[in-house]
Amino acid sequence: MSIIKLIGIKQYTLAVYYTLSDCYKYAIIDDYGTVYEPDEIYYTSEAAEREGREAINTVSN
């Protein structure tokens with residue numbers, strides 16, 4: 001695994017990373033340290049980041 005981006009959004013941290021399976025995923029960490037890591041895979045880091053941002057916007061509104 002290789003971390004591509006760490007982004008702070010409101011009280012969340014979005015991590016975009018490259019996996020050993022040659023794809024990208026994202027994880028969201030909240031201010032309590034709880035990690036949300038969906039099973040979906042993405043073929044670009046931009047796509048993983050976009051979906052992660054959308055997920056954060058969904059839960060924070």
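The values are calculated or read from the model by the stated rules, or taken from the named source; none is laboratory data. This structure is a prediction, so every number in the text was calculated from the model and none was measured. Here Cβ is always computed from backbone atoms with ideal geometry, including for glycine, and neighbour counts include all displayed protein chains. Heavy atoms of the whole protein, side chains included, go into the accessibility calculation; ligands, DNA and RNA do not. Shrake-Rupley method; radii C 1.70, N 1.55, O 1.52, S 1.80 Å.
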> From the set of residues in region 1-59 that are assigned to a strand (DSSP E or B) and of a type in the set (D, E, K, R), which is most open to solvent (accessible area, probe 1.4 Å)?
Replying inline: Lys5
>> Exactly one condition in (1) at pLDDT 95 or above; (2) out of contact with any Cys (no Cβ under 6 Å at 6 or more places or on another chain) is false for Ile41; which is it?
In response: (2)
>> Please go through region 6-51 and give me each residue that is charged (D, E, K, R) and under 9 Å from the mean Cα position of the chain (by Cα), ordered by number.
In response: Lys25, Glu37, Glu49, Arg50, Glu51
> Quick one: what pairs do we get from region 26-44, first residue small (Gly, Ala, Ser), second assigned to a strand (DSSP E or B), C-beta under 6 Å, 6+ apart or different chains?
Replying inline: Ala27/Ala15; Ala27/Val35
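Do we have Ser60 as modelled with pLDDT under 95 and either aromatic (Phe, Trp, Tyr) or at negative phi (or both) here?
Yes; evaluated as a whole, the condition is true for this residue.
Here is a yes/no grid of residues against (1) aliphatic (A, V, I, L, M); (2) touching a helix residue (DSSP H, G or I) at 6+ places or on another chain (Cβ under 9 Å):
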residue: Leu20; (1), (2): yes, no
residue: Tyr24; (1), (2): no, yes
residue: Val35; (1), (2): yes, no
residue: Tyr42; (1), (2): no, yes
residue: Ser60; (1), (2): no, no
